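Worksheet: one structure, shown below.
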Amino acid sequence: SGKGIDFSATSDGSGTMTSEVLDDYEEGTWTAGFTGATVSAGNTVGYYTKIGNRVFFQYYSSTSTISSASGSFRITGLPFTSSSATEAYGLFLYQHGNAVDGNSRGGLVSKNGTTLVFVDDGGTTQPTAINGSAKYIMVSGHYFV
């Protein structure tokens, strides 16, 4: 028989295939929160899939209103705490969005945390949110736990 990933969380009994057993798979939702601005989001529900020590996530705000923007804009509430391992940063992509200044196209997942940190394109500066109505945020990414 061919070898592959065993989703049953059991081994073949020989003890030689334990690295091929997938014993941690989960799908669910998470609730997005925000720091650095007051956000009245049309949607706060994001989705995730956890496979082993990797979490894949996505979030779309729908039409939102942003006010009181000040300081670094971040999205909070990821479903699992990220790894604190050296240089094990998770990344995310920001598209279909007009809510963040600095021409940001994404950023990183905070180490040992549950926060998305936007970063300006071509630099390391953390952008602020843009006040106004009809604002959109669409992010998707992955990180280690």
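The values are calculated or read from the model by the stated rules, or taken from the named source; none is laboratory data. In this text the structure is predicted, and so the values were computed from the model without any measurement. FYI the Cβ positions are ideal-geometry reconstructions off the backbone, even for glycines, and counts take in every protein chain you see. Only protein heavy atoms, including side chains, enter the accessible area calculation; ligands, DNA and RNA are left aside. Shrake-Rupley method; radii C 1.70, N 1.55, O 1.52, S 1.80 Å.
A few points about this structure:
- Simple label model, 7 Å out from Cα along Cβ direction - ARG105 to ASP120, nm: 1.7 nm
- For segment 68-110: rounded, prolate or oblate by the Cα gyration tensor [a/c cutoff 1.5]: prolate
- Probe 1.4 Å, protein heavy atoms only - accessible area per residue of segment 45-145 in square angstrom: 46 Å²
- Added length on full extension, which subtracts the Cα-Cα distance from 0.36 nm per residue, THR76 to GLU27: 15.8 nm
- Taking amide H as placed 1.01 Å from N in the peptide plane, the amide H of ILE130 sits under 5 Å from that of VAL100, ASP101, each at least 5 places away or on another chain.
- Rounded to the nearest 20 debye, the dipole magnitude of segment 18-145 is 360 debye, with +1 charges on Lys and Arg beta carbons, -1 on Asp and Glu beta carbons, and the Cα centre as origin.
- As a fraction of the 1.4 Å probe accessible area of segment 31-145, surface on carbon and sulfur atoms comes out at 49 percent.
- Placed amide H near PHE80: partners under 5 Å, 5+ positions off or other chain: none
- Charged neighbours of TYR143, selected by a Cβ distance under 11 Å, balance to +3 (K, R count +1; D, E count -1).
- Net length gained if the chain between GLN95 and VAL45 were fully extended (0.36 nm per residue, minus Cα distance): 16.3 nm
- Summarising the label geometry, the points placed 7 Å from Cα in the beta-carbon direction at THR35 and SER133 lie 3.0 nm from one another.
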